[in-house]
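Below you'll find the structure, written out as structure tokens, and then a few comments.
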Amino acid sequence: MNARSRTNQLLYQAELLATSSVGEDEHTPSRQMALEEGALALFELALESLLREVTEHARLSQHRWNVLLASDGPALAELQRLRDLKAEPESWLNWLAGQLERLHSDEGAARRASHNPAMITVGGQASLRQQLLGKLQDAKREIEALRETSLEW
């Protein structure tokens, strides 16, 4: 399998987890959290596969997203385009970077739904699952554009 196929496979698998049914029993909240965090982990693997894919010509020694997309990362056009995207507050990559920081923290990224009637909920706030699905779609569109640009070079 080549890097492009692996990236596509990982994005597909992340989407499968994010759309999986959680059932209705006492384990539903935990199962939902596991699916969300699993999908985020696959999304991270897909990002690193994408980085391998678009930088294969540079023969980099490593492909950790937080190193390559850091401001002092390698000076490659593809990476700079992704750094710029990561800097945009509404972009899928900015969202993903924030979620991955939470995922790797002690608290994790997934949250149990609050059923406390005393808590005020923010109207219109999408669940992590809904956000994941939207950001996966955004990523797929951006990845196709990045691949087209990469082919032109």
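The values are calculated or read from the model by the stated rules, or taken from the named source; none is laboratory data. In this text the structure is predicted, and so the values were computed from the model without any measurement. Neighbour counts are summed over all protein chains in view; Cβ atoms, including those assigned to glycine, are modelled from backbone coordinates with ideal geometry. Side chains are part of the model used for accessible areas, which takes the heavy atoms of the whole protein and leaves out ligands, DNA and RNA. Shrake-Rupley method; radii C 1.70, N 1.55, O 1.52, S 1.80 Å.
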### Segment ALA58-SER127, length gained on full extension (0.36 nm per residue, minus Cα span)
21.0 nm
## Note on the structure
Taking THR19, THR55 and ranking on accessible area (1.4 Å, protein atoms only), highest first, one gets THR19, THR55
### Task
Provide the per-residue ³J(HN,Hα) series for the range 21-32, in order, calculated from phi with Karplus coefficients 6.51, -1.76, 1.60 and θ = phi - 60°, each as a whole number of Hz, with x at glycine and proline positions.
6, 9, x, 9, 8, 5, 9, 4, x, 5, 5, 4
### Task
Once you have the Cα-Cα distance between TYR12 and GLU107, take 0.36 nm times their residue separation minus that, and quote the gain in nm to one decimal.
31.6 nm
### Query
Assuming R0 = 41 Å, what is the FRET efficiency of ARG147 and ARG31, from their Cβ-Cβ distance, to the nearest 0.05?
0.75
### Rounded accessible area per residue of the chain, 1.4 Å, Å²
60
### Query
Can you put ASP138, ASP72, ASP84, ASP106 in order of accessible area, largest first, using a 1.4 Å probe?
ASP106, ASP72, ASP84, ASP138
### Task
Rounded to whole Hz and in sequence order, give me ³J(HN,Hα) for the range 139-144 from the Karplus expression 6.51 cos²θ - 1.76 cosθ + 1.60, θ = phi - 60°, writing x for Gly and Pro.
4, 4, 5, 5, 5, 4
### Query
Once phi is turned into θ = phi - 60°, what whole-Hz ³J(HN,Hα) does the Karplus curve with 6.51, -1.76 and 1.60 give for every residue of the range 2-16, x standing for Gly and Pro?
8, 4, 5, 5, 5, 4, 4, 4, 5, 5, 5, 5, 4, 5, 4
## Note on the structure
Between SER21 and ALA77, Cβ-based FRET efficiency (R0 35 Å, step 0.05) works out to 0.25
